[in-house]
Amino acid sequence: MRASIRSNLRLKIALGIVLSITFICVAGVTILFCILLLEPEMGSVVPDRSRLEAYLGIIVYAASFLGVGITLNSFAFQSLVREKTRGNLQSLLATPVRPKDIWMGKSLSILVPGTLFGSALAVLVLVIVNGVYFLPGIGFVLNPWIALSSFVGVPLVYLALGLLVHLVGLTSRAANGNVIAQLFLPVMVNVMIQLAVHDVIDASSWLFLAINLGLAAVIGTIVIGLRSRLTAENIILSN
């Protein structure tokens, strides 16, 4: 009983720390982009609405990506290590539960709450930035491509990535899946932001969404190619 209570307490503390860190990161990135991008444009005689939409797209997209990404990075690796160390996976495989069910269950158990949290942060950022900078003079700024990239594109990318991370983590060392997750978040966020900031791609355009969907498709193709590795034998031997 005491061990269970301590375990639940540690889990709640860890969850609180991760959510707090995520919130601080999103707030910091939002403030930085507002200062560097929005304020100079708002200070011009006639602010360009298309540029404001593009800058807002960068901010909301980054908030969504960080919210979902940090959650996956924090909990996916810990969950796999804990399950393998305790022998829970072997116990599950001794039942009629299929390896595919374990894989999907663990992937979605991280992705769904992470997506909800990331989307909530993105909505909060969207409302606050509009309230501080755009209302009532310019009006509420929201391009449909911004919404699709942040609330559809990002979850699909991380759905594919979560499946890949858990597939690799289940069939080999858990650390291998963690490496993929840890490298993907900073690289992907940095690349997409750099492309948008330097006007290579408009963050409020269909092309920005298409790149995210294309990336999700590429990762999904890799998952399909590796899916044959997902066997009970490989999961057990990976311990």
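Below, the figures for the structure above:
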{"read-out": "Karplus-derived 3J(HN,Hα), 6.51/-1.76/1.60, for each residue of the stretch 135-148, Hz, glycine and proline x", "value": "8, x, x, 8, x, 5, 9, 7, 7, x, 5, 4, 4, 5"}
{"read-out": "Among 112, 157, 60, residue whose mean-square fluctuation peaks in a GNM of the chain (springs only between Cα atoms under 10 Å)", "value": "112"}
{"read-out": "Within a Gaussian network of the chain (alpha carbon springs, distance under 10 Å), most fluctuating of 201, 58, 224", "value": "224"}
{"read-out": "Karplus-derived HN-Hα couplings along the stretch 102-114 (A = 6.51, B = -1.76, C = 1.60, θ = phi - 60°), whole Hz, x at Gly and Pro", "value": "4, 4, 5, x, 5, 5, 6, 5, 8, 5, 4, x, x"}
{"read-out": "Heavy-atom accessible area ranking, 1.4 Å probe, most first, across 45, 197", "value": "45, 197"}
{"read-out": "Residue order for 133, 158 - accessible surface, 1.4 angstrom probe, largest first", "value": "133, 158"}
{"read-out": "On Cα atoms only, tilt of 49-86 relative to the major axis of the chain in degrees", "value": "10 degrees"}
{"read-out": "Accessible-area order (highest first, 1.4 angstrom probe) of the listed residues 199, 48", "value": "199, 48"}
{"read-out": "Whole-angstrom gap from the stretch 126-195 to the stretch 84-119, using each part's C-alpha centre", "value": "22 Å"}
{"read-out": "With DNA, RNA and ligands ignored, accessible area of residue 24 (1.4 Å probe; Å², nearest 10)", "value": "120 Å²"}
{"read-out": "Per-selection metrics, the stretch 16-119 (Cα): Rg and Dmax in Å", "value": "20.0, 70"}
{"read-out": "Computed lengthening from residue 36 to residue 140, 0.36 nm per intervening residue step minus Cα-Cα distance", "value": "35.4 nm"}
{"read-out": "Near-label residues of the stretch 152-178 by backbone N, under 14 Å of a point 7 Å along Cα→Cβ of residue 218", "value": "157-158, 161"}
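The values are calculated or read from the model by the stated rules, or taken from the named source; none is laboratory data. Bear in mind the structure is a predicted one, so any value in this text is a computation, not a measurement. Every residue, glycine among them, receives a Cβ derived from its backbone with ideal geometry; neighbour counts consider all protein chains shown. Heavy atoms of the whole protein, side chains included, go into the accessibility calculation; ligands, DNA and RNA do not. Shrake-Rupley method; radii C 1.70, N 1.55, O 1.52, S 1.80 Å.
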